[in-house]
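Report on one structure; see the data block that follows.
Bear in mind these aren't lab numbers, they're just calculated from the coordinates by the rules spelled out. No experiment lies behind these values; they were computed from the predicted model shown. Neighbour counts are summed over all protein chains in view; Cβ atoms, including those assigned to glycine, are modelled from backbone coordinates with ideal geometry.
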């Protein structure tokens, strides 16, 4: 008898998460939505993470697990996990978070209401019921009214075919890869906005979002190249204004970082990594 292909692939990437991953896996296995597979990809953990994965996989056939031959890093490993997925939809759950019992059920029901949308995401300002927003309108709201394309992978649900069309996450903007991806996705698809959270986001010291320095220059870079590379719904004048605003923001942040750390080497490194010039400084100052 041929095994049923799961409708949803829950993707979990892991690196040294022995303290959290058992709870994360259990939260998926006890979900009220049952037509799923759980794909776990360990990124060469040096603790007991992989042993814990094997323990659960031996007891539940819905789990498929892999271990990389070398450490890939966060977003390359997310793309690797998506490559193993079989479901029509993919949903990321980080190995230090937990899924709400009705989380998958609520998300899939919302996505199926809007079959043309390639991506759905949690938006904390959304109230009432899930609704669909035109991608161009979402981008304009994001830049000129209130940011809504800022959620990480764990706050999104995607059609697998759409994710593949987008060629997965970029891998050159560090912890800001998801920000570039969300902008790109909105260039090609409507967005479903969920008025409900569907996972518990754990706060702890080992999270990537604690890497202030990496965000410092990668936030500047992803927006710089998004304005150049993506088909954003802006006029030339608007793009120029946004580019100069981005330059000013980087200048302010790099000055704040210096006065906070007094680390000249890191400041110089960030400027080199971004290729931030004197002309950029002047454009930012007189923005």
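Take the Cα atoms of region 26-69, find their three principal axes, and give me the spread along each one in whole Å, biggest first.
Computed over region 26-69, the largest-to-smallest principal extents equal 33, 16, 15 Å.
For region 186-287, what is the largest minus smallest coordinate of the Cα atoms on each principal axis, given in angstrom and ordered from greatest to least?
The Cα atoms of region 186-287 stretch 42, 41, 19 Å along their principal axes.
Given a Förster distance of 41 Å, report the FRET efficiency between residue 114 and residue 30 from their Cβ-Cβ distance, rounded to the nearest 0.05.
Efficiency at R0 = 41 Å is approximately 0.90.
Suppose the chain between residue 228 and residue 252 were pulled fully straight at 0.36 nm per residue; how much longer would it get relative to their current alpha carbon spacing?
Stretched out fully, the residue 228 to residue 252 stretch lengthens by 6.4 nm.
Once label points are set 7 Å from the Cα along Cα→Cβ at both residue 127 and residue 196, what is their separation, rounded to one decimal in nm?
That separation, rounded to one decimal, is 1.8 nm.
How big is the Rg/Rh ratio for the chain, C-alpha atoms only, Rh by Kirkwood, two decimals?
With Rh from the inverse mean 1/r over Cα pairs, Rg/Rh is 0.99.
Describe numerically, in nm with one decimal, the distance between label points set 7 Å from Cα along Cα→Cβ at residue 150 and at residue 167.
Calculated label separation equals 2.9 nm.
Kirkwood Rh over Cα pairs of region 78-158 into Stokes-Einstein at 25 °C, 0.890 mPa s: D in µm²/s?
The estimated diffusion coefficient comes to 175 µm²/s.
Once the piece of chain linking residue 88 and residue 271 is laid out straight, how much longer is it, given 0.36 nm per residue of separation minus the C-alpha distance between them?
Fully extending the segment from residue 88 to residue 271 adds 61.7 nm.
What FRET efficiency do you get for residue 237 and residue 67 if R0 is 45 Å and r is their Cβ-Cβ distance, rounded to the nearest 0.05?
Once rounded, the FRET efficiency stands at 0.35.
In whole Å, largest first, what are the principal axis extents of the Cα atoms in region 230-287?
39, 22, 18
May I ask you to give the average projected area over all directions of the convex hull of the Cα atoms of region 109-258, in nm² rounded to one decimal?
9.6 nm²
Using label points projected 7 Å from each Cα along Cα→Cβ, tell me how many nm separate residue 213 and residue 188, to one decimal.
3.4 nm
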